[in-house]
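Scroll down for the structure; my scribbles are underneath it.
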Amino acid sequence: MALRRVLGPGVALGRRSCCSKRPLPPDFVEALRAVVGGPNVSTAMAVREQHGHDESMHTCAPPDAVVWPQAVGQVQELAALCYRCRVPMVPFGTGTGLEGGVNAVQGGVCFDLSRMDAIAELSLEDFSVAVEPGVTRKALNSHLRGTGLWFPVDPGADASLCGMAATGASGTNAVRYGTMRPNVLNLRVVLPDGRLLHTAGPGRQARKRAAGYDLTSLFVGSEGTLGFLTQATLRLHPLPEAAAVTTATFPSVRAAVACTVQVLQAAVPVARIEFLDEVMAGACGRFSGLELPAAATLLLELHGSRHGLAEQQQQTEEIVRLNGGSGLAWAEEPEERGRLWAMRHSAWYAALALRPGCQGYSTDVCVPISRLPDVVVETKRDLQDSGLTGPMVGHVGDGNFHCLLVFDAQDPAEAGRVHAFTQRLGRRALAAGGTCTGEHGVGLGKRALLLEELGQEGLDTLRRIKAALDPHNLMNPGKVL
Amino acid sequence: MAALRVLVGVKRVIDYAVKVRVAAGGGGVQTQGVKHSLNPFCEIALEEAVRLRERGAAAEVIAASVGTRLCQDTLRTALALGADRGVLVEVGEGAAPGPREAAAALAALVGRLQPGLVLLGKQAIDDDCNQTGQLLAAMLDWPQGTFASRVELEEGAVRVEREVDGGLETLRLRLPAVLTADLRLNEPRYATLPNIMKAKKKPLEVVGASELGAAILSPPRLRVLKMAEPPGRQGGERVQDVPTLLQRLRSKGRV
């Protein structure tokens, strides 16, 4: 439906068209069963459809079969089998991606890795832990309760941590704690031919290393196109002693964004700083039953020791007031903080609730902080000129913001306007020295923009690396490149 | 009111996220090498006590547990979450103390420590008994406010909002009293590294059960005869039409 149909197969770059599919070789499913056992292989249509889409609106593309390996050895055997028979392979974690990363556009076998859910090698002194794909970020933090440590990367969904590594995910805490990339110390990868690779060497989790090319960073963000991430060693952080959250309302989008820039330039170590435009603020307030004025709003969180926190609060209040902000009311109890962040995290659903029955599409550009005010204001004007419903929400501390476009998929004119808008937005971000995707990944829909962002040399280099590791293009074909 | 001492009971239970398995022999569940943690309802009770102290309404929070030496870890966690000191009533290996034994041990501790308020979780997630608070109040002949979702201290008394089947009931109890915490009472804090470090230096006393008196040592009145997992799920069966469905149901004696 909608955007993909409007885009048409011609927009996709890549050596194969999205739609070519070969049937599985004879006796192949039997061979899969021989590796993992009958109950762990399914060719039922309902199961395949479940595994053929994520939370984006890309058309569901079911794989030919779904398998559930229970251990890394099985993943290796299955991969070797698929490699021998030239069958495409698609890794699957929680299916909560936003760019169609798990859609099996060329069929093949979907490897549902959720049954591998071990948490191992937890070291409280080294601040590291190794997790398998079945472990989600909330499950890990729950496991860490009582240790004084946490894993701060928090995309909206309760996603698989290895899946987050595969898409280079980020969240509201990135401004202080970083995205996935700096927080992954090692990856246990099953390569397309079944060989096992430890990107930083087996059993190692050095906090810094200068030993050879950075393979860990290569696989982070590879979106399943270079291998299966079957275990990730993660960097943990100490929980803050104290935290405080507040909203602040501003007279204009420019004022809110300028305030963000100044807070960062004042070197306040803000933990989270999120922007909601007036449409989003109104929608979120209504959806979550909180009294939030429909105006440009910032939602900030500070972390620190008790004394340090008071100092940060004072500095922040001054800067907010300087930019015409008002309505500061610090919440320090876990219940109130939880309520404010739950309101922010349900932004997607709040946006959809603005026009029930419509589809949603989220843009994801990221620009240098200095260019942020201009880009946001221009984008807002473009939204209004195009007559689109697109509440804006964003991790402004990183220069990253999302337009949650809500539109009627059955209306080709509106779908066309949405597509044109997102292309203009992508190019606006690129022109400002930014990226077309700050955290969601390239997946199916942004491959054309990737060429514009990296240039021909960049894209050719990516293709050479892909050809070196996956010469038959079997790992999640049709994505990224 | 500033001299109020609060005793909080905390129980060491199998972590809620663990897939529990029946032990070989069917006498209980596997506990060896399985992750244990502080019972979530006890955490809520402890959080309420610590907030009372932080507000100035209480002077001291003592965490107490009844069990083997392994419970010391649970008490250290309670200390990291804000308790001032911990007491373990140590029982031997063997049958784990049930609600009656735990209540007897806590009653003896109350005699020793003289708290003005006892806070417990409403139930433990391993046995779901929901009895210890009530038994303790009866043994001490103190008023009880169970399933508390809101607690307010007044002069010599405590106002408790209880979650009951019909809605919310508010009681005013004279102190000393026993309260048990329900889910919505508060959201417990996480232990932070500095607090975990400080907790290592807080006093943790171990008291043998025999020191506290005979009541605790009487043999348990309940014995687990058998524990078994529910039967595994059988595969389904597809039938082509309604007459066949009825025939299959009849042959299985369901109709």
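The values are calculated or read from the model by the stated rules, or taken from the named source; none is laboratory data. Note that the structure is a prediction, hence the values are computed from the model and not measured. Glycine also receives a Cβ, built like all others from the backbone with ideal geometry; neighbour counts cover every protein chain displayed. Calculation scope for accessible area: heavy atoms of the full protein, side chains included, ligands and nucleic acids excluded. Shrake-Rupley method; radii C 1.70, N 1.55, O 1.52, S 1.80 Å.
Descriptive notes on the structure:
- Note on region B:15-37 and region A:413-449: Cα centroid distance 51 Å, given to the nearest whole angstrom.
- Zone of residue B:229's modelled label, taken as backbone nitrogen in region B:14-44 under 15 Å from a point 7 Å along Cα→Cβ: B:18-31
- Residue by residue along A:146-154, Cβ atoms of other protein chains within 10 Å of the local Cβ number 4 on average.
- Proximal charge balance of residue A:272 [Cβ under 10 Å; K/R count +1, D/E count -1]: -1
- Shielding score for B:28-37, defined as the mean number of other chain Cβ atoms within 10 Å: 1
- Percent antiparallel among DSSP beta bridges (both partners in the protein assembly as shown, rounded to 5): 65 percent
- Dipole magnitude of region B:13-98, debye to nearest 20 (Cβ charges: Lys/Arg +1, Asp/Glu -1, about Cα centre): 200 debye
- Cβ-based charge dipole, chain A, positive-most Cα from A:319, A:257, A:243: A:257
- Put simply, when A:226-239, A:320-333, A:143-156 are sorted by average Cβ atoms within 10 angstrom per residue, most first, you get A:226-239, A:143-156, A:320-333.
- Neighbour-limited loop hits for GluC sites (Glu not before Pro), region B:100-193 (at most 14 other Cβ within 10 Å; DSSP other than H, G, I, E, B): B:155
- Rounded to the nearest 20 debye, the dipole size of the protein assembly as shown about its Cα centre is 1480 debye, using +1 on the Cβ of Lys and Arg and -1 on the Cβ of Asp and Glu.
- Average partner coverage of A:233-243, which counts Cβ from other chains inside 10 Å: 2
- Acute angle (nearest 10 degrees) that the helix A:306-322 long axis makes with the longest principal axis of chain A, alpha-carbon atoms: 70 degrees
- Cleavage-rule hits (trypsin sites (Lys or Arg not before Pro)) in region B:180-220: DSSP loop, at most 14 neighbouring Cβ within 10 angstrom: B:200, B:201
- Magnitude of the charge dipole, region B:181-255, Cβ model with Lys/Arg +1 and Asp/Glu -1, debye to 20: 180 debye
- Rounded to the nearest 10 degrees, the angle from helix A:372-386 to the longest Cα principal axis of chain A is 80 degrees.
- Annotation: extensible slack from residue A:195 through residue A:464 equals 94.9 nm (criterion: 0.36 nm per residue apart, minus Cα-Cα distance).
- Note on region B:97-223: the alpha carbon radius of gyration divided by the globular reference 2.2 N^0.38 Å gives 1.17.
- Per-peptide packing, taken as the mean over residues of other Cβ atoms within 10 Å, places B:116-124, B:11-19, A:256-264 in the sequence B:116-124, A:256-264, B:11-19 from highest down.
- Descending Cα extents along the principal axes, region B:12-162, whole Å: 54, 30, 29
- Positive-end residue, the protein assembly as shown charge dipole about Cα centroid, Cβ charges, pick of A:275, A:97, B:234: B:234
- The alpha carbon centroids of region B:179-255 and region B:108-126 are separated by 21 Å.
- Acute angle (nearest 10 degrees) that the helix A:253-265 long axis makes with the longest principal axis of chain A, alpha-carbon atoms: 80 degrees
- Proximity of backbone amide H atoms, modeled 1.01 Å from N, is registered between residue B:145 and B:178, B:179, B:180 at under 5 Å, excluding neighbours fewer than 5 places apart on the same chain.
- Value of relative contact order over chain B, rounded to a whole percent, pairs C-alpha under 8 Å and six or more apart: 23 percent
- Carbon/sulfur fraction of accessible area - the protein assembly as shown, other protein chains in place, 1.4 Å, %: 52 percent
- Proximal lysines relative to residue A:446, as straight alpha-carbon distance under 24 Å, when same-chain residues fewer than 8 apart are discounted: A:21, A:380, A:466, A:479
- Averaging the Cα positions of each part gives two centres, and for region A:248-280 and region A:74-148 these lie 35 Å apart.
- Mean Cα-pair separation over length for region B:86-233, i.e. relative contact order, pairs under 8 Å, 6 or more apart, %: 30 percent
- Neighbours of residue A:155, meaning other residues whose beta-carbon lies under 10 angstrom from its beta-carbon, give a summed charge of -2 when Lys and Arg score +1 and Asp and Glu score -1.
- Charge tally in the Cβ shell below 9 Å around residue B:82, where Lys, Arg are +1 and Asp, Glu are -1, residue B:82 excluded: 0
- Interatomic Cα distance distribution for the protein assembly as shown, bins of 20 angstrom, percent: 15, 41, 34, 10, 0
- Given in Å, the Rg to one decimal and the Dmax to the nearest whole number for the Cα atoms of region A:94-203 are 14.5, 46.
- The loop-placed GluC sites (Glu not before Pro) in region B:182-237, going by DSSP, that have at most 16 neighbouring Cβ atoms within 10 Å of their Cβ come out as B:237.
- Percentage relative contact order, region A:384-481, counting C-alpha pairs under 8 Å, at least six apart: 18 percent
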